Structure formats: structure tokens, C-alpha cells
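Okay, structure first, notes after.
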Amino acid sequence: MSLKGKVAVVTGGGSGIGRAISVQLAKDGAAVSVWDLNSVSAEQTVEMIVNSGGRAIACAGDASAKIEIARSAAMTRQSLGAISILVNNAGISSFTPFMDISEEMIDRIMAINIKGPMLCCQEIIPDMLNAGWGRIINISSSSAQTGAPMMCHYSASKGGVIAFTKSLGLELAAKGITVNNIPPGFIDTPMLRQSPVDIEKQIQVSPMKRAGTPEDIASACAFLASEQAGYITGLTLGVNGGRVMP
Ligand SMILES: NC(=O)c1ccc[n+]([C@@H]2O[C@H](COP(=O)([O-])OP(=O)(O)OC[C@H]3O[C@@H](n4cnc5c(N)ncnc54)[C@H](O)[C@@H]3O)[C@@H](O)[C@H]2O)c1
């Protein structure tokens, strides 16, 4: 599927799922702006893309802070052009019993996981409206579909992402802009490796007897970003190896 001529922003593109999405969109022909808090890892993703013949830039910054979002968007427009694809992937997780979750933890997780995607959309949608074409893909989580103990704040923030996707999808449906979300489930990334999840045990109980790969998410994301997915909006496209069948 060709994304030639498109400019994509991937937040959290310096690691795991965001890196695989950045690489896949570039492989399909998009110029990719890799946004990440971690400038070193964002540059590494850019290097991977450029070494394979693609076009990419890195923008270091906090994808939940309005001023930094505006700065990264301006840099992207200047280097690559108007933005046509936005992947809101940056996120943080945390495992804490509900009664021990502090107000600061709630604020931080909500800021990065749900406020950030909303602010990025507000910054970038004007480019899409001008073009009469756009693709927004939000990375939510299967924990919002099933519930997840010790993750009340995280799963609530990701549930917000799913509801936001549907509402924004309806608002933009007549404008040539689609808004969809992918709730990953059990994907082998630094986030999963740093969590208390018993990976081997989860593999044994998973239908496909394996963890997902970041590339599994990237393929679905590239499809939702394509021309061919133009009649799909508001969708929750689970990529979880059959772990969740809503
Ligand atoms: N790995 C899984 O099994 C899984 C499951 C469900 C949902 N997810 C979601 O997928 C997304 C990617 O997760 P991952 O597993 O690749 O995680 P990861 O920790 O490997 O990568 C996340 C990246 O986001 C960046 N980031 C964090 N906060 C940021 C901010 N405020 N601004 C800019 N960049 C920021 C980090 O620096 C990092 O590079 C997240 O939204 C996560 O919640 C992952």
C-alpha cells in the first residue's frame, strides 16, 4: 500500500511499537517525523529509516505539552511539508493497586495517554482539513477492553482514547479524515519487558502461544493510514493474537 507523498507524525516513535510504525510507514513511502521525549532513540529510528532509503526527521519533545507539540509540528512542516497522517502512540503504563495510586500518578498518566493525543490532534487537524484528507490512528490498549488489575489509571486513560476516537471520527467523517484506534495486547517491547508481567506464563495461556511483535501493530497501522482504508472510521482494530474477542 503506497503512502507516497504523505507526511506522517508518530509520537513515541523512538521505541517499541512507535519505532516499528515509523519504519513501516516510511517503507510504504511516507516521510516520517519521529517525535519522542528521548532524542537519542528518536534519532536512532530516523537513522534506521534513512539507511533503508526513506525520509525522516526527529523531533525531541513532550507530546503532551502544547508548546512542545506546536514546536515539533512547525519543525515537521518546515522540513517535510503539511502533515497528513498522525499516529498518537506515545504512552506510559504503571502497575499499582488502585488504593495506592497517587493524584500525581493519575495526572501524569492522563496527561500523556489521553490529553497528549487530543492536543496533537488539535495541532495537526488544520493541515488535514486544508488537504481534505487525513488519517489519525490512536494507540489505545486491550486493557481498556478487558479491564486490568493494578492498572485502573492506565486502563481508564486508554478507555478515554477509544471513546475519543469514536467522537472525533464522527466529527471529521465528512471531511475526508478518518480516526481509528488500535488496542495492542501483549506486545514484546521495552514497556512490556519493564512491567511485572510474567511473559512466559502469558505466552502459555495466549491462543497463538506467542507475544505480539511491534511489527504486528505496525502492519495494522499502515493499513489504517492507507487510501484503501478510507471508508473505515471510529474503529477499534484489536491486534492481540486472539486474546480479546469483543
Ligand atoms: N507493549 C504492549 O504490550 C502494549 C499494550 C497495550 C498498549 N500499548 C501502548 O502502545 C504504545 C507504545 O508502547 P510500547 O510498548 O512501544 O512502549 P515503549 O515504552 O517501548 O515506547 C514508548 C515511547 O514513547 C515515548 N514517550 C513516552 N512519553 C512520551 C511523551 N510524553 N512525549 C513523547 N514521547 C513519549 C518513550 O520515550 C518511548 O520511546 C503506548 O501508548 C502503550 O500504552 C502497548
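Numbers below:
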{"item": "12 Å beta-carbon shell around residue 130, net charge (K/R +1, D/E -1)", "result": "+1"}
{"item": "Cα long-axis angle, helix 66-80 against the chain (0 to 90 degrees, to the nearest 10)", "result": "50"}
{"item": "Trypsin sites (Lys or Arg not before Pro) lying in DSSP loop within region 123-229, provided at most 10 other Cβ fall within 10 Å", "result": "209"}
{"item": "Contact order relative to length of region 92-246, as percent, for alpha carbon pairs under 8 angstrom and 6 or more apart", "result": "27"}
{"item": "C-alpha long axis of helix 214-225 to longest principal axis of the chain, angle in °", "result": "50"}
{"item": "Residue with peak Gaussian network fluctuation, the chain [Cα springs, cutoff 10 Å], from 149, 184, 214", "result": "149"}
{"item": "Protection-proxy order for peptides 18-30, 234-246, 99-111, each taking the mean of Cβ atoms within 10 Å per residue, highest first", "result": "18-30, 234-246, 99-111"}
{"item": "Partner lysines for residue 158 [C-alpha distance under 29 Å; skip if fewer than 8 residues away on the same chain]", "result": "6, 27, 66, 115, 166, 175, 201, 209"}
{"item": "Per-selection Kirkwood Rh - region 1-47 (Cα, Å, 1 d.p.)", "result": "10.2"}
{"item": "Residue-span extension gain [residue 107 to residue 38] - 0.36 nm each, minus C-alpha spacing", "result": "22.8 nm"}
{"item": "Cleavage-rule hits (chymotrypsin sites (Phe, Trp or Tyr not before Pro)) in region 17-107: DSSP loop, at most 16 neighbouring Cβ within 10 angstrom", "result": "95"}
{"item": "Residue-averaged 222 nm ellipticity for the chain, from DSSP H runs of 4+ at -39500 (n - 2.57), nearest 500", "result": "-14000 deg cm²/dmol"}
{"item": "Sum of side-chain charges, residue 21 neighbourhood, beta-carbon under 14 Å (Lys, Arg +1; Asp, Glu -1)", "result": "0"}
{"item": "Charge tally in the Cβ shell below 12 Å around residue 241, where Lys, Arg are +1 and Asp, Glu are -1, residue 241 excluded", "result": "+1"}
{"item": "Estimated vicinal HN-Hα couplings, Hz - region 25-34 in sequence order (Karplus 6.51, -1.76, 1.60; Gly, Pro = x)", "result": "5, 5, 4, 7, x, 6, 7, 10, 9, 8"}
{"item": "For region 7-229, diffusion coefficient by Stokes-Einstein and Kirkwood Rh (Cα), 10 °C, 1.306 mPa s, µm²/s", "result": "91"}
{"item": "Highest-MSF residue in the chain out of 33, 206, 72 [GNM, Cα springs under 10 Å]", "result": "206"}
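Coordinate-derived values only; no laboratory data. What you are looking at is a predicted structure, and each value in this text was computed from that prediction instead of being measured. Reconstructed Cβ throughout: ideal geometry from the backbone, glycine too, with neighbour counts over all protein chains shown.
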